[in-house]
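A.B. asks: Before anything else, here's the structure in question.
The values are calculated or read from the model by the stated rules, or taken from the named source; none is laboratory data. This structure is a prediction, so every number in the text was calculated from the model and none was measured. We place every Cβ from the backbone using ideal geometry, glycine too, and count neighbours over all the protein chains shown.
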Amino acid sequence: MSKQRQQQNFVHQVIGHHPESNPKLTAVKRSGKGIAPVNIALSKYWGKRDEVLNLPMNGSVSISLPGLGTETTIQIAQAGQDSVRLNGKLLEPSNPFVKRLSHFLNPFRTATVFFDVVTTNTVPTAAGLASSASGYAALVLALDDLFAWQLASQQLSLLARLGSGSASRSLFSGFSIWHMGRQADGMDSFAEPIDTPWPGLCVGLVKVDVAQKPISSTLGMQNTVNNCDLYQAWPKQAEKDMAKILQAIQQQDFNLLGQTAEHNALSMHATMMATWPPIVYWQPESVAAMQTVWQLREQGIAVYFTMDAGPNLKLLFPETEKPAIKQAFPELSIIEPFKTKR
Ligand code: DP6
């Protein structure tokens, strides 16, 4: 079966569309709108067991950052091609961002239908946060609105996953868990919210470099899975870490949360570095920031970091440590996920 057909079947299974009898792909209003937050994985997704359906090798747990994310509107286009406006700028059809988005939209239309998509990131670009997660989550919410599917969050998560794995976790506020699933059809690989708030938990964004990363997550994980002998240890550790993160959340055990998240991130980066050719997202300033975090811990300050496929650090610390952390990282943007309401 072709890749396109496989994705189409998956989408039809999720939205309950039967091509002959069910007009699920008819816009019921002029435009659909969706808003979704970015998320940061505390125990990470790195590697796919199925690249067509975006099925992960392991489960992951994340925290969403309220107020930072993507707002998207979608409508049926009058012109004979898709158009994408990103942060106020109309992109060229040849732009890789447009191509990826158009490809994602294919299962949601017949050959003669095109879309106008307007998408705005409320993440200051300068924050250096990835936006594909909030981007695809917002796009799926906009489609749900346009076609009035009224899908449950589990279905929305399945669809967002197809756009970008981490997007499956961006439909929720607070903590989310993305279950790896076992089925070949991917219907059991979705995220859901973990309904345990953690008042006082802070996330700090350390900006090292906000330029586009040298290699995308998609390509980076593909190379790691194929060309890294250390990779086989990763899914096992990731599953163990996920259990520890869940325990830390339930018990509000900050040190367990921080230690596990930092170890998990460093282990993921270790598999990238042990790939050939190597994948190194770090810059000298990333390592300097790690050393500052370790020095703070030596002084008894509770702070840990995590890092995604880029050079920027995300710090985790309890509210009580704010003054000390601000002193060590004067430029830090601080987010309190359980305080700020959207
Ligand atoms: C390091 O979700 O961006 O941030 O599924 O190929 O779009 P694709 O990858 P993506 O990968 C995210 C990788 C990560 C870890 C994480 O968010 O869990």
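A.B. asks: Can you report the number of residues in segment 182-216 which are farther than 23 Å from Pro66 by Cβ, among the hydroxyl-bearing types (Ser, Thr, Tyr) and either more than 14 Å from the ligand (Cβ to nearest atom) or assigned by TED's automatic domain parsing to the domain that holds Met272 (or both)?
C.D. replies: Taking segment 182-216 as the starting set, the residues that turn out to be farther than 23 Å from Pro66 by Cβ are 182-189, 208-209, 211-216.
Now restrict to residues that are among the hydroxyl-bearing types (Ser, Thr, Tyr): 189, 216.
Retained after the next criterion (residues that are either more than 14 Å from the ligand (Cβ to nearest atom) or assigned by TED's automatic domain parsing to the domain that holds Met272 (or both)): 216.
Summing the residues that are farther than 23 Å from Pro66 by Cβ, among the hydroxyl-bearing types (Ser, Thr, Tyr) and either more than 14 Å from the ligand (Cβ to nearest atom) or assigned by TED's automatic domain parsing to the domain that holds Met272 (or both) in segment 182-216 gives 1.
A.B. asks: Taking Trp178, is it among the hydrophobic types (A, V, I, L, M, F, W, C), buried (at least 16 other Cβ atoms within 10 Å of the Cβ), closer than 28 Å to Ser333 by Cα and assigned by TED's automatic domain parsing to the domain that holds Leu68? Let's see the steps before the verdict.
C.D. replies: Working: among the hydrophobic types (A, V, I, L, M, F, W, C): yes; buried (at least 16 other Cβ atoms within 10 Å of the Cβ): yes; closer than 28 Å to Ser333 by Cα: yes; assigned by TED's automatic domain parsing to the domain that holds Leu68: yes.
Judged against the criteria, Trp178 is a match.
A.B. asks: Which number in (1) surrounded by fewer than 17 Cβ atoms within 10 Å (Cβ to Cβ); (2) within 15 Å of Val203 (Cα to Cα) marks the one condition that Pro284 misses?
C.D. replies: So the condition that Pro284 fails would be (2).
A.B. asks: Among the residues of segment 172-180, are any assigned to a loop (DSSP other than H, G, I, E, B), among the aliphatic types (A, V, I, L, M), within 14 Å of the ligand (Cβ to nearest atom) and at pLDDT below 95? Break it down stepwise before answering.
C.D. replies: Step one: list which residues in segment 172-180 are assigned to a loop (DSSP other than H, G, I, E, B), which gives 172-174, 179-180.
Applying the additional criterion that residues be among the aliphatic types (A, V, I, L, M) yields 180.
Still in the list and also within 14 Å of the ligand (Cβ to nearest atom): 180.
This time we only want the ones that are at pLDDT below 95, so: none.
The answer is no; no qualifying residue exists.
A.B. asks: So how many residues does segment 130-150 have that are out of contact with any Gly (no Cβ under 9 Å at 6 or more places or on another chain) and either under 19 Å from Thr70 (Cβ atoms) or within 14 Å of the ligand (Cβ to nearest atom) (or both)? Steps first, answer last, please.
C.D. replies: We begin by selecting, within segment 130-150, every residue out of contact with any Gly (no Cβ under 9 Å at 6 or more places or on another chain); these are 150.
Add one more test, that the residue is either under 19 Å from Thr70 (Cβ atoms) or within 14 Å of the ligand (Cβ to nearest atom) (or both), and what stays is none.
The number of residues fulfilling the criteria is 0.
A.B. asks: Follow-up. Note down all Cβ pairs under 7 Å where the first residue falls in segment 200-218 and is within 26 Å of Met57 (Cα to Cα), the second is in a loop (DSSP other than H, G, I, E, B) and at pLDDT 95 or above, and they're at least six residues apart or on different chains.
C.D. replies: Short answer, once both residue conditions are applied: Ile215/Ile279.
A.B. asks: So which residues in segment 309-321 are under 23 Å from the mean Cα position of the chain (by Cα) and modelled with pLDDT of 95 or more?
C.D. replies: Leu313, Lys314, Leu315, Leu316, Phe317 - these are the residues of segment 309-321 that are under 23 Å from the mean Cα position of the chain (by Cα) and modelled with pLDDT of 95 or more.
A.B. asks: Something else about it: Take the conditions under 19 Å from the mean Cα position of the chain (by Cα), hydrophobic (A, V, I, L, M, F, W, C), in the same structural domain as Leu151 (by TED's automatic domain parsing) and surrounded by 13 or more Cβ atoms within 10 Å (Cβ to Cβ) and apply them to Val84. Does it pass?
C.D. replies: In short, no.
A.B. asks: Which residues, taken from segment 181-225, are of a type in the set (Ser, Thr, Tyr) and either assigned to a strand (DSSP E or B) or more than 18 Å from the chain's Cα centre (by Cα) (or both)? Step through it out loud before you land on a result.
C.D. replies: Kept after step one, since they are of a type in the set (Ser, Thr, Tyr), are these residues of segment 181-225: 189, 196, 216-218, 224.
Those that are of a type in the set (Ser, Thr, Tyr) and either assigned to a strand (DSSP E or B) or more than 18 Å from the chain's Cα centre (by Cα) (or both): Thr196, Thr224.
A.B. asks: Answer yes if at least one residue in segment 41-63 is outside the structural domain of Gly258 (by TED's automatic domain parsing), among the basic types (Lys, Arg) and away from the ligand (no atom under 16 Å from the Cβ), and no otherwise.
C.D. replies: First pass over segment 41-63, keeping only residues outside the structural domain of Gly258 (by TED's automatic domain parsing): 41-63.
Next, from what is left, pick out any that are among the basic types (Lys, Arg): 44, 48-49.
This time we only want the ones that are away from the ligand (no atom under 16 Å from the Cβ), so: none.
No: zero hits.
A.B. asks: Regarding segment 220-240, can at least one residue be identified that is of a type in the set (S, T, N, Q), within 11 Å of the ligand (Cβ to nearest atom) and under 27 Å from Lys33 (Cβ atoms)?
C.D. replies: No, segment 220-240 contains no residue that is of a type in the set (S, T, N, Q), within 11 Å of the ligand (Cβ to nearest atom) and under 27 Å from Lys33 (Cβ atoms).
A.B. asks: Within segment 75-85, can one find any residue that is of a type in the set (A, V, I, L, M) and touching a Leu at 6+ places or on another chain (Cβ under 7 Å)?
C.D. replies: yes
A.B. asks: State all residues of segment 120-129 that are within 16 Å of the ligand (Cβ to nearest atom) and either over 19 Å from Thr218 (Cα atoms) or free of Cβ contacts under 8 Å to residues at least 60 places away in the same chain (or both); if no residue qualifies, say none. First the steps, then the outcome.
C.D. replies: Step one: filter segment 120-129 for residues within 16 Å of the ligand (Cβ to nearest atom), giving 121, 123, 127-129.
Asn121, Val123, Ala127 - these are the residues of segment 120-129 that are within 16 Å of the ligand (Cβ to nearest atom) and either over 19 Å from Thr218 (Cα atoms) or free of Cβ contacts under 8 Å to residues at least 60 places away in the same chain (or both).
A.B. asks: Among the residues of segment 81-96, is there at least one that is within 26 Å of Gln4 (Cα to Cα) and within 16 Å of the ligand (Cβ to nearest atom)? Explain how you work it out, then say what you get.
C.D. replies: Of the residues in segment 81-96, the ones within 26 Å of Gln4 (Cα to Cα) are 81-86, 91-96.
Next, from what is left, pick out any that are within 16 Å of the ligand (Cβ to nearest atom): 96.
The answer is yes; a qualifying residue exists.
A.B. asks: Let me ask something else about it. Taking segment 74-104 on its own, how many of its residues are part of a helix (DSSP H, G or I), in contact with a strand residue (DSSP E or B) (Cβ under 8 Å, 6 or more places away or on another chain) and in contact (Cβ under 8 Å) with a residue 24 or more places away in the chain?
C.D. replies: 1
A.B. asks: So Lys48 clears everything in (1) of a type outside the set (Val, Ile, Thr); (2) touching a Leu at 6+ places or on another chain (Cβ under 9 Å); (3) over 30 Å from His263 (Cα atoms) except one condition, right? Which one?
C.D. replies: Checking Lys48 against (1) of a type outside the set (Val, Ile, Thr); (2) touching a Leu at 6+ places or on another chain (Cβ under 9 Å); (3) over 30 Å from His263 (Cα atoms), the one that fails is (3).
A.B. asks: Select, from Arg100, Arg169, Arg109, the only residue that is of a type in the set (Lys, Arg), within 14 Å of the ligand (Cβ to nearest atom) and more than 13 Å from the chain's Cα centre (by Cα).
C.D. replies: Only one candidate passes the filter, namely Arg100.
A.B. asks: Follow-up. Is it the case that segment 65-73 has a residue that's on the phi > 0 side of the Ramachandran plot, outside any strand (DSSP E or B) and not polar (S, T, N, Q)?
C.D. replies: no
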